[in-house]
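Values in this text are rule-based calculations from the coordinates and carry no lab data. None of the values given here were measured: they were computed from a predicted structure. Ideal geometry is used to build each Cβ from the backbone, glycine not excepted, and the neighbour counts take in all protein chains shown.
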Amino acid sequence: MLTRRIIPCLDVMDGQVVKGVNFVNLVREGDPVELAARYSDAGADELVFLDITASVESRPHVVELVSRVAKEVFIPFTIGGGVKTVDDIDRILRAGADKVSINTAALAQPELLTEGAKRFGAQCIVLAMDVKRDGDTWWVYSHGGRKKTARKALPWAVEAVNLGAGEILLTSMDADGTQAGVDLEITRKISTAVNVPVIASGGIGKLVHFKDALLEGKADAVLAASVFHRKTFTIAQVKTYLHEQGIPVRLTGVKA
């Protein structure tokens, strides 16, 4: 079994990290660079920064933030929000990011996934999916979870990987911020349908939720925000727990 990754997520709005419930009622959590450095030092495997209003306000990402983070963080990190063109991807990667997350633009112009993968490698292109359940179907939402699309989650995931996405960041809008556990059903469906890593996101509130996402959800990594921002758990506590459960994690560099 490959080493599983633990990834703190930093949702950024107006230069500050924020977190809400079901994508609303946002609360400020701190400076993104300071939090990123803390998580990097504590043993996180990667980081994800999402500018959660960029696609709504048609505002380009802040390359300055990428540069600041790159100077302080020495683990891989992904930037998402407002990415619309191959040139946007180029600027983010040149500024120091390792990967770019694309959601709204990929839905509008799926060829962006192919162009990005050809130019920079599929490993740099992450498809972000915000999904919400309606009956027996999960639908994909765009614009930071504000607009329902006509795309169903599972076929869109498969199509996006065929187009060039090298990883999927799957967020359940129903579970987001609730701390009631990951949506294991859709996570498992997508994880078993594609041949690229899937990051489970949304709903982490207990240590067992990390285990469930990896074992029952078949995810390759788990993304969490509020439990780290509010110090419910440390990276060390999560990884120690998973190690004790027999799940392979990177323990080198982990600090209590």
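What the table shows:
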item: Spin-label model distance (nm) - R230 vs I75, 7 Å beyond Cα toward Cβ; result: 2.2 nm
item: Cα centroid separation, segment 208-237 to segment 32-47 (Å); result: 15 Å
item: Distance between modelled label sites at R250 and K152, nm, 7 Å Cα→Cβ extension; result: 3.7 nm
item: Estimated distance in nm for a label pair at T240 and T178, the labels positioned 7 Å out from Cα along Cα-to-Cβ; result: 3.0 nm
item: Greater than 27 Å apart at Cα, pairs in K84/K218; K71/K218; K132/K206; K152/K231; result: K84/K218; K71/K218; K152/K231
